[in-house]
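Here's the structure, in C-alpha cells; my notes come after.
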Amino acid sequence: MKSFFKKLFAVLISLTLFLSLFGCESKDTQKEDPPQKEVTLLEKEQVIDALERDIYNRSFPADSKEKEFMGLSDANAVGVDRDRFENEVLYPVPDEEDFVAVYDVREYGIFPENKDNAPALNILLKQIKNVEGLKFLRFPQGVYLFHATVNFADIEDLYVVGEDAEWRMTEWTSAMDIRNCKNFHINGFEFDYHPASTVTGTVISTDEAKRSVTLKLGEEFDMSDSRFNGGKVKYGSYMEYVWDETYGAYIPDKDGMLRYNSTGDRVENLVGGSYDPAAHTLTIAFSADSGYRAPDEGTKVSVSYTMYEYGMFMFQSCEKVYMESNDVYASLGMTFVTYNVKDLYMNRTNLRLREGSERLMTSTADGLHANGCYGDMIVTNSLYEASHDDAMNICSFYNTVSSYAGNTLVCGASSATTNYPIMEGDVIEIYDPQSMELIETYTVVKVTALGLSYDLTVDKRIREDISGCLVGNTTRVPALKVENCIIRNKRNRGILAQVRNSEIVNCAFYNVLHGPIMMNASFDIFAEAIIPRSITARNCKFFDNNTAHGLSADVSAFRNGGTVLANTVRAIEVENNYFSRSAAGAVYFCGTGDCVAKNNLAYDICRSAVNDAQRAMISLVTDRNAHVCDNFAYLPSAIEGFALLYKSAAEGTEATGNIEYILEGKV
C-alpha cells in the first residue's frame, strides 16, 4: 500500500510541474498573436503596371496582391530572377589542390603579346590529353590572339579557365573544335573576332535604277581587309534597323529590308558591293527579284560577310560539357554548335553585343544549334541577343525507310550533315511523311551502319507498309531546360524546340520578331526532327514579340505542311505566363492533343493580327482534348473579332474560368 501511495504522489508532483510549465496560463501571461500585416489590394491597372515595369519576377510591391482574379496563379513567380541571372554559380572551378595538374599557359609560350597562340596551345593540348585526372588550363589576365582553330580532342576532365582573359580570333574560322571530350569545362572568358564579319553603317543615299544603297560606315569598321571581298557579299546579309526607345536599343526593322545570300536555301539577293576607302562608304546592290525598297536616309544597317560557314564552338561526340561565366560578342555562323553531345550545361554564358561597339549583330546564324544530342541540355541565367537566326534551335533529323522485311528495316540520312548514329537500344518512331501520323514504335536490337545507311533489326515484326516512311530516333533527343534566360532584340525565332520532356521557365522574351517559342512537326528540305511532346512553358514574360508574324502566337505548337491531323504534337503545357503587346495571339495549338493553357494573363495583344486564329488569346485548330482554364485577357480597347478562345475543328475542349476584360477608351 505504501508503494502505491508513493507512486501516486510522484505522478501528482509530475502533473503539477507540467501544468505550471506548459498549461493553464492566465490571460495576462498568454502571448498575443503578432499583428497581421495589412495587405494592399491592387486594382487591375496596378497589376498590369507592376508586371510591365521590367522583365524580372517579384513584380508586386511587398504585402500586395490582386484585388480580383487576373489569371495568374502566382504573379510574383513570373519573369526572370534578377539575382540568379546576375550572380548564380552552378558549376564552379574546384580548388587548385583538387587538380592533378595545373598548366599556366604563359609557361608554354602562350602570351597576350603573341600574334597567334594557336600553334603553341595545340601542342600543349596533345600533351595534356595523356594526363589522367582533373586538369586546370589557366589563362591569366590579358587578350590572347588566335589565328587558327584550337583543337581539343580525346581529353577528359579539363577546365579551361580565363582569369579576366579574352580569347580573340584574328582569322575567320572556328575558335574551338572539341571532339570526343568528357567532363570538359570553359569558364570565365570573353570571346570575340577582330575583325568581326559584320559592319554597321548609316544610309546616306540610294539609287532606284541600280537598286543600290550606300552606307557611311562607323569608324571602327575597316573593310580594306581582304576578307570583306572589296565590299561584295558572297554569303551574308543586309538588315535594316530601327531605334526602340522603350528598350534603348536598335532592333531589326520588321518593315525594312532583310536580304541575303544564303548557304542554306540558295537565295541570292545581294548581287553587287563595293567599298570606297577614301569616303569610308559601302554600296550594296540588290537583285531584280529581291524586292528592293529604298530605305530612308539615316537608316541604320548591318551587313554581314558570313552566314553559316563557321561554328564558333564546335562540340562533337562529347559527354558532359560545361560553360559558365562567359561572354561571346560575335560569331561567323552558329555560335554554340553541338553534334551528338550527351549532357550539356551552360550557365551565365551570354551571346551579347560588345559594350562600346557599333555592331548590331552578334551571331550571323543561330546562337545555340544542337543536332542529335541526348541526355540533359540545360541553359540557365544566360542572355541571347541580336542573332540573325534562331537564338536556340534544338533538333535531330529524320531518316527515310528504303526497305523492310520481317523485323528488319533499312533507312538512311539525306546527307552527311543530317547523319546521326542509331545505336542498339535506341527507341525509334515511324511516321507517315505526308501527315506525320505515328505508325509504330520499335526498339533497336541490332545495327549495321554503312555510310548514310542503317540496317536495323527491331524488337517486333513490322506489320504496316513503311516504305518511304520517316524514322525519328527518340533516344537522340535531349531533355531541354531553358531557365531564367533573356532572349531579345532579334530577327527570326527565340527558341525552336523539337524536343521532348522539356521546359522553358522563368524566361523573358522581347522584340523577337518571328516569335518567341516554336514547337513544330514538319518534314521539309531541312528534315529536322522530332515531333515535339511533353514541353512546358511556365512563369515567363513576353513583350512586343512576333511583329513580323513568324508565328500565330508567342507560344506556338503546331503541325506544318501536308495533312494536318490532331494529336500529332502532344502534351504541351503553357502555364502562369504574362503576354504583353504581341502582334498576334498568346498561345496557338494546331494538330495537337492533350495540351494545356491555364493561368495566363495577356495584355494588349493581337495588335496587328491578320486572321481569326491570330486574333485570339488562345487558338485551337484541329485539336483534341485541350484544357483551357483560368486565363485572363485584358484589352485596353475592343478589337473587332477578338476571342479569348478561338476553335476550329477542335474537339473535347475543356474551357472554364476564362475571363475577357475590356477597358474602353483607355490605351
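What's the local net charge at GLY79, with K and R +1, D and E -1, over the other residues with C-beta under 13 Å away?
Result for the neighbourhood of GLY79: 0.
Hey, if you put +1 on the Cβ of every Lys and Arg and -1 on every Asp and Glu Cβ in the stretch 261-370, which of SER302, MET314, ALA330 ends up farthest toward the positive end of that dipole?
The listed residue farthest towards the positive side: MET314.
Subtract the Cα-Cα distance of ASP104 and ALA153 from 0.36 nm times their separation in residues, and report this length gain in nm to one decimal.
Result: 15.7 nm gained on full extension.
With both bridge residues required to lie in the chain, what share of the DSSP beta bridges run antiparallel, to the nearest 5%?
Antiparallel bridges: around 30 percent, rounded to the nearest 5.
To the nearest 10 degrees, how steeply does helix 118-128 sit against the main Cα axis of the chain, on a 0 to 90 scale?
Helix 118-128 sits at roughly 50 degrees to that axis.
With an 8 Å cut-off on Cα pairs and a minimum separation of 6 or more residues, tell me the relative contact order of the stretch 565-667 in percent. All intermediate terms of the calculation are to be shown ahead of the outcome.
Working: 294 pairs, mean separation 26.8, N = 103.
RCO, the stretch 565-667: 26 percent.
Helix 2-22 against the longest principal axis of the chain: what's the angle in degrees, Cα atoms only, rounded to the nearest 10?
50 degrees
Please work out how much length the chain gains when fully extended from ASN501 to ARG58, using 0.36 nm per residue of separation minus the C-alpha to C-alpha distance, in nm with one decimal.
156.7 nm
Near ASN130, within a Cβ-to-Cβ distance under 14 Å, what is the net charge of the other residues, with Lys and Arg +1 and Asp and Glu -1?
-1
What distance in nm separates the simple spin-label points at GLU424 and THR170, each placed 7 Å from Cα in the Cβ direction?
Rounded to a tenth, the inter-label distance reads 5.1 nm.
Given a 1.4 Å probe, how much area per residue of the chain is accessible, in Å²?
Working: 28110 Å² over 667 residues.
Value for the chain: 42 Å² per residue.
Work out, step by step, the length gained on full extension between ASP455 and ARG82: first 0.36 nm times the residue separation, then minus their alpha carbon distance; give nm to one decimal.
129.2 nm
Tell me which of LEU480, TYR241, ASN577 sits at the most positive position along the dipole axis of the chain, charges placed on C-beta atoms (Lys, Arg +1; Asp, Glu -1).
LEU480
Would you mind putting 311-324, 531-544 in packing order, based on average other-beta-carbon counts within 10 Å, highest first?
Packing proxy ranking, top to bottom: 531-544, 311-324.
Given +1 on the Cβ of Lys and Arg, -1 on the Cβ of Asp and Glu, and no further charges, what dipole in debye does the stretch 475-528 carry about its Cα centre, rounded to the nearest 20?
It works out to roughly 140 debye.
Please work out the FRET efficiency for the pair SER357 and LYS65, using the Cβ-Cβ distance as r and a Förster radius of 56 Å; give the result to the nearest 0.05.
0.80
Quick one: if you stick a label point 7 Å off each Cα along the C-beta vector at SER534 and LYS115, how many nm between them?
Distance between the two pseudo-spin positions: 5.6 nm.
Checking the a/c ratio against 1.5 first, then a/b against b/c, what shape does the Cα gyration tensor give for the stretch 139-184?
It is oblate, given that a/c is not under 1.5 and a/b is not larger than b/c.
Using the Cα centre of the stretch 368-475 as the reference point, and only Cβ charges (+1 on K/R, -1 on D/E), how large is the resulting charge dipole? Debye, rounded to the nearest 20.
The dipole of the stretch 368-475 has a size of about 360 debye.
Summing -39500 (n - 2.57) over the DSSP H runs of n ≥ 4 in the chain and dividing by its residue number, what mean residue ellipticity at 222 nm do you reach, to the nearest 500 deg cm²/dmol?
-2000 deg cm²/dmol
Taking a ≥ b ≥ c as the square roots of the Cα gyration tensor eigenvalues, with a/c under 1.5 meaning rounded and otherwise prolate when a/b beats b/c, else oblate, which class fits the stretch 156-315?
prolate
What is the percent carbon and sulfur in the accessible area of the chain, measuring with a 1.4 Å probe over the protein chains and ignoring ligands? Mind dumping the intermediate values first?
On the way: 13380 of 28110 Å².
Summing carbon and sulfur atoms, their accessible area is 48 percent of the total for the chain.
Ranking request for peptides 640-652, 471-483: highest mean number of other beta-carbon atoms within 10 Å first, then the rest in descending order.
Answer by packing, highest mean first, reads 471-483, 640-652.
Suppose every K and R has +1 on its Cβ and every D and E has -1 on its Cβ; what is the size of the dipole of the stretch 109-239 about the Cα centre, in Debye to the nearest 20?
In total the dipole reaches around 480 debye.
For the chain, just say rounded, prolate or oblate: build the C-alpha gyration tensor, square-root its eigenvalues into a ≥ b ≥ c, call rounded for a/c under 1.5, and beyond that prolate if a/b exceeds b/c, oblate if not.
Rounded.
With r as the distance between the Cβ atoms of GLN434 and ILE662 and R0 = 45 Å, compute the FRET efficiency 1/(1 + (r/R0)^6) and round to 0.05. Numbers along the way, then the final one.
On the way: r = 43 Å, r/R0 = 0.95.
In this case the efficiency is close to 0.60.
Which entries in the list LYS342/LYS541; LYS254/LYS481; LYS300/LYS541; LYS135/LYS490 go over 32 Å, if you measure between the two C-alpha atoms of each?
Violating the 32 Å Cα-Cα cut-off are LYS135/LYS490.
Could you state the per residue volume, in Å³, of the convex hull enclosing the Cα atoms of the stretch 124-213?
Dividing the Cα hull volume of the stretch 124-213 by its residue count gives 133 Å³.
The values are calculated or read from the model by the stated rules, or taken from the named source; none is laboratory data. Nothing here was measured: the structure is a model prediction, and the numbers come from that model. When we count neighbours, we look across all protein chains shown, and the Cβ atoms used for this are built from the backbone with ideal geometry, even at glycine. Side chains are part of the model used for accessible areas, which takes the heavy atoms of the whole protein and leaves out ligands, DNA and RNA. Shrake-Rupley method; radii C 1.70, N 1.55, O 1.52, S 1.80 Å.
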